[in-house]
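What follows is a short report on a single structure.
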Amino acid sequence: FTSPKISTSLKSQTALNVWGDKDYLIAPSILSADFAMLGTEVDNVLEAGADVVHFDVMDNHYVPNLTIGPMVCKALRDHGVTAPIDVHLMVSPVDASIADFIDAGASFITFHPEATNHVDRSLQLIKAGGCKAGLVFNPATSLDICEMVKDKLDIILLMSVNPGFGGQAFIPATLDKARAARKFIDDNKLDCRLEIDGGVKVDNIKEVAEAGVDMMVAGSAILKAPRTVEAYKETIDAMRKELAAAKK
Ligand SMILES: O=C(CO)[C@@H](O)[C@H](O)COP(=O)(O)O
């Protein structure tokens with residue numbers, strides 16, 4: 001086995017200062033963007049108040065859909081995007097993609113533990129590249145492995161849909177899992193964000209926050225017609241209002 005090469009050219013240049021500054025991070029999933037005008041879509045949603053760009057990478061092997069890769073991440077950086085890019089790898093194997101996305105300017109990289117033979121090594125690769133590292137848990141995947149790698153976890157991402165597509169319905173059992181993950185993070189005093197992805201909308205985001213989640217991915221709820229800054233801002237502001245009302 002040869003470790004994938006990690007270039008230092010783009011290593012950790014991106015703004016990670018949002019990490020500890022905000023109670024909640026809102027991360028629109030560009031899976032719901034109009035890909036024919038991706039740079040503009042990302043500019044607009046950031047101008048509208050989004051904190052993080054959620055970047056879904058699907059390989060038509062680990063999940064039944066095929067999306068975008070490191071060239072598109074690099075293109076967004078070249079376009080001038082400085083916000084954190086949160087790369088969610090739905091690919092198997094993962095290690096070569098980790099190296100590619102570090103070089104392409106990713107800020108956070110998460111992957112599914114089932115998708116790699118060596119979870120600890122994959123987490124190490126991400127952190128060695130200067131990115132925040134995390135594991136993603138499908139609705140039917142146990143959180144047990146977190147205990148073994150807790151020293152390397154910056155993010156626990158809970159899928160509240162089965163991965164592969166935007167626009168699916170939120171799976172309510174994820175709320176109990178979020179409460180368990182929050183307890184694990186707090187009991188172990190981890191500096192770890194709890195992220196959720198799938199079916200998050202204005203009308204359920206407060207309940208999600210009250211379950212302990214502090215990074216919210218939302219695709220179809222935000223990135224939809226009429227695709228203007230004003231419309232994106234209206235949704236993001238409504239989400240922030242709900243979050244402000246959430247009981248801690
Ligand atoms: O990773 C995925 C789906 O696999 C998500 O990021 C979706 O893109 C979220 O979309 P919505 O459920 O918010 O529409």
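Just a few scattered comments:
- Residue in the stretch 202-224 that is surrounded by fewer than 16 Cβ atoms within 10 Å (Cβ to Cβ), among the small types (Gly, Ala, Ser) and farther than 25 Å from ASN117 by Cα present: no
- Residues (part of a loop (DSSP other than H, G, I, E, B) and free of Cβ contacts under 8 Å to residues at least 40 places away in the same chain) located in the stretch 82-113: VAL91, SER92, PRO93, VAL94
- For the stretch 152-168, the count of residues that are over 17 Å from the mean Cα position of the chain (by Cα), of a type outside the set (Val, Ile, Thr) and away from the ligand (no atom under 16 Å from the Cβ) is zero.
- Wholly within the stretch 149-243, strands (runs of 3 or more DSSP E) carrying at least 3 residues that are in contact (Cβ under 8 Å) with a residue 12 or more places away in the chain and either polar (S, T, N, Q) or out of contact with any Gly (no Cβ under 6 Å at 6 or more places or on another chain) (or both): 193-197, 215-218
- Among the residues listed as ILE185, ILE145, the single one being buried (at least 17 other Cβ atoms within 10 Å of the Cβ), over 16 Å from the mean Cα position of the chain (by Cα), away from the ligand (no atom under 13 Å from the Cβ) and at pLDDT 95 or above: ILE185
- Single condition SER3 does not satisfy, out of (1) modelled with pLDDT of 95 or more; (2) not in a strand (DSSP E or B): (1)
- ALA133 falls short on exactly one of the conditions (1) of a type outside the set (Ser, Thr, Tyr); (2) buried (at least 18 other Cβ atoms within 10 Å of the Cβ); (3) more than 16 Å from the ligand (Cβ to nearest atom); (4) not in a strand (DSSP E or B), and that condition is (4).
- Matching residues in the stretch 105-124 - criterion: being within 18 Å of PRO163 (Cβ to Cβ) and surrounded by fewer than 19 Cβ atoms within 10 Å (Cβ to Cβ): GLU114
- If you go through the stretch 71-81 and keep only what is part of a loop (DSSP other than H, G, I, E, B) and either on the phi < 0 side of the Ramachandran plot or at pLDDT below 95 (or both), you end up with just VAL81.
- Members of the stretch 188-201 that are within 15 Å of the ligand (Cβ to nearest atom) and buried (at least 19 other Cβ atoms within 10 Å of the Cβ): GLU195, ILE196, ASP197, GLY198, GLY199, VAL200
- Single unsatisfied condition, LYS127 versus (1) within 19 Å of VAL52 (Cα to Cα); (2) open to solvent by less than 10 Å² (accessible area, probe 1.4 Å); (3) away from the ligand (no atom under 15 Å from the Cβ): (2)
- Among the residues of this structure, ILE126 counts as one that is more than 16 Å from LEU190 (Cα to Cα), more than 13 Å from the chain's Cα centre (by Cα) and not in a loop (DSSP other than H, G, I, E, B).
- Restricting the stretch 54-70 to residues that are in contact (Cβ under 8 Å) with a residue 12 or more places away in the chain, outside any loop (DSSP other than H, G, I, E, B) and aliphatic (A, V, I, L, M), the residue that is nearest to the ligand (Cβ to nearest atom): MET58
- Count of the stretch 9-53 residues which are open to solvent by 20 Å² or more (accessible area, probe 1.4 Å), modelled with pLDDT of 95 or more, over 14 Å from SER220 (Cβ atoms) and part of a loop (DSSP other than H, G, I, E, B): 2
The values are calculated or read from the model by the stated rules, or taken from the named source; none is laboratory data. The structure presented is a predicted model; accordingly, all values stated were derived computationally and were not measured. Virtual Cβ from ideal backbone geometry, glycine too; neighbours counted across all protein chains shown. Ligands, DNA and RNA are stripped out before the accessible areas are found, and what is left, the full protein with its side chains, is counted by its heavy atoms. Shrake-Rupley method; radii C 1.70, N 1.55, O 1.52, S 1.80 Å.
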